[in-house]
Amino acid sequence: MSPKETIECQIEQLSELSIEAWRLGQWLSKLDSQSAIGRHVLRKYEKFFQDLGFEILDMTGKTYDPGMALDIIDSICDNTLESGIEIIDETISPIVVYQEQVVKHGQVVTRKRSEVLEQTVVEE
C-alpha cells in the first residue's frame, strides 16, 4: 500500500469513528441523567477529531438544499410547510469534513409539503 493509500485509508477509518462519536453524543443527550464520565469521554473525542482537522456537521433543523452533501433516506409529508420548502427533520449520519473537504456524505430524513396534495387542490 502506497503512503497516499495509507493516509486515505486512515482518513476513512477516522471519519467512521467520528460518526460513532457523534452517535454517542446523540445517545447521551437523550438520557435523563447524563453521566459525567460519558460527557468527559465525548469531549475528549470531540477535541481529538477537531485537533486532527475533522468537522462533524449535524444538519437537523436546517433547510435542505439539493447541493448539500446529503443523501435523503426518507421524506415525511408535512403540509404545514410552504410549497418548495424542505426541512431536515433528522440526521441519521452527519456530514464529515476533513481539512475543509467533505469526506463522508450525511444521511437525513426530510420533511416537506406533499406535492400530490397541491395538485389535487389546484385541480378542484
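Beta-bridge orientation, the stretch 3-123: approximately 65 percent antiparallel, per DSSP, counting only bridges with both partners inside. Fewest-first ordering of His105, His40 by other beta carbons within 10 Å of each residue's beta carbon gives His40, His105.
Over all other residues within a Cβ to Cβ distance under 15 Å of Ile76, the charged ones net out to -3, with Lys and Arg as +1 and Asp and Glu as -1. Please give the FRET efficiency for Ile92 paired with Gln10, using the beta carbon to beta carbon distance and R0 = 35 Å, rounded to the nearest 0.05. Between Ile92 and Gln10 the formula returns 0.90.
A straight line joining the Cα centroids of the stretch 1-66 and the stretch 72-95 runs 22 Å. Taking every Cα-Cα distance in the stretch 3-123 and sorting them into 5 Å bins from zero, the calculated P(r) comes out as 2, 10, 17, 17, 16, 13, 10, 7, 4, 3, 1, 0, 0 percent.
Once every DSSP H run of n ≥ 4 in the chain is given -39500 (n - 2.57) and the sum is divided by its residues, what mean residue ellipticity at 222 nm do you get, rounded to the nearest 500 deg cm²/dmol?
-14500 deg cm²/dmol
Values quoted throughout were computed directly from the atomic coordinates according to the rules given, and no laboratory measurement underlies them. Because the structure is a prediction, the values reported are computed rather than measured. We place every Cβ from the backbone using ideal geometry, glycine too, and count neighbours over all the protein chains shown.
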